[in-house]
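A quick write-up on the structure given underneath.
The values are calculated or read from the model by the stated rules, or taken from the named source; none is laboratory data. Fair warning: this is a prediction, and the values are worked out from it, not measured in the lab. For neighbour counting, all protein chains shown are included, and Cβ atoms are generated from backbone atoms with ideal geometry for every residue, glycine included. Quick note on the areas: whole protein, heavy atoms, side chains included, nothing else; ligands and nucleic acids left out. Shrake-Rupley method; radii C 1.70, N 1.55, O 1.52, S 1.80 Å.
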Amino acid sequence: MLLTTGQAAAELGCAITTFRRLIHAGLLPGLSHRGVRVMVPLHAVQALSARAPAPVDRLSVKELAVLRVDSARRIDAPDRAWIGYGAALEPDDLLKSLRGWWRCDAASVAAGGLLPVTLSGYVVAVLTGLETWVNNGEGRHAFPDARLAGHVTDLVAPQIHYTSPRDDDRELAQLLLGTRLASQSGGAIAYITTHSAD
């Protein structure tokens, strides 16, 4: 059975634009077209609906920053060609597209020890190595030494790729990738309470 993007979004309880970000990022396999309509397999929507929430209570920090991104788009910048998340991006391009420049409290981001990257409420990448940052003088920060611990190329299955050789990075990626992680923010960076220190 196939659903329209509107039906799929309704099943997931999200806006159509929110659901379309997953399509544009290349995270949903098995899509087909009926005229101009994109059709989504029911089983894919059911898999996303049943996805477990991120077990952030297992992290050893009280507060965690979350990077909320859109699907990848090309930009004209000296340090990167893309901004946002795209399943087809090479790991090096993906890391460059995610490690800055964000309006944030850089010290708070670094204190969390990791930065889950969400697209439409699902963790699609995990960044670590956030101990150092730079400021562009306009309130935006980047983390030049950040590592891409892992990322997802298929959110339905999910297909996870580990890109850091460090065991601790891999453990964090295994814990979070493909899970649901709700966050609210007026900007790209949100902060959530993990409750682990209560």
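Note on region 39-62: residues that are modelled with pLDDT of 95 or more and either outside any helix (DSSP H, G or I) or among the polar types (S, T, N, Q) (or both) total 11. Taken together, the criteria place residue 124 among residues that are open to solvent by less than 30 Å² (accessible area, probe 1.4 Å), out of contact with any Leu (no Cβ under 6 Å at 6 or more places or on another chain) and among the β-branched types (Val, Ile, Thr).
Selection of strands (runs of 3 or more DSSP E) fully inside region 103-198 by the criterion of at least 1 residues being of a type in the set (Lys, Arg) and within 26 Å of residue 78 (Cα to Cα) returns 140-142, 147-154. Of all residues in region 165-198 being over 29 Å from residue 45 (Cβ atoms) and of a type in the set (Lys, Arg), which is farthest from the chain's Cα centre (by Cα)? Looking at the filtered set, the residue picked out is 166. Residues that are polar (S, T, N, Q) and over 17 Å from the mean Cα position of the chain (by Cα) were ranked within region 11-48; the one that is least open to solvent (accessible area, probe 1.4 Å) is 32. Within the set 66, 117, the sole residue that is out of contact with any helix residue (DSSP H, G or I) (no Cβ under 7 Å at 6 or more places or on another chain), open to solvent by less than 20 Å² (accessible area, probe 1.4 Å) and not acidic (Asp, Glu) turns out to be 66. In the set (1) part of a helix (DSSP H, G or I); (2) within 26 Å of residue 14 (Cβ to Cβ); (3) touching a residue at least 60 places away in the same chain (Cβ under 8 Å), the condition left unmet by residue 94 is number (3).
Within region 143-161, being surrounded by fewer than 18 Cβ atoms within 10 Å (Cβ to Cβ) and more than 22 Å from residue 47 (Cα to Cα) holds for 144, 145.
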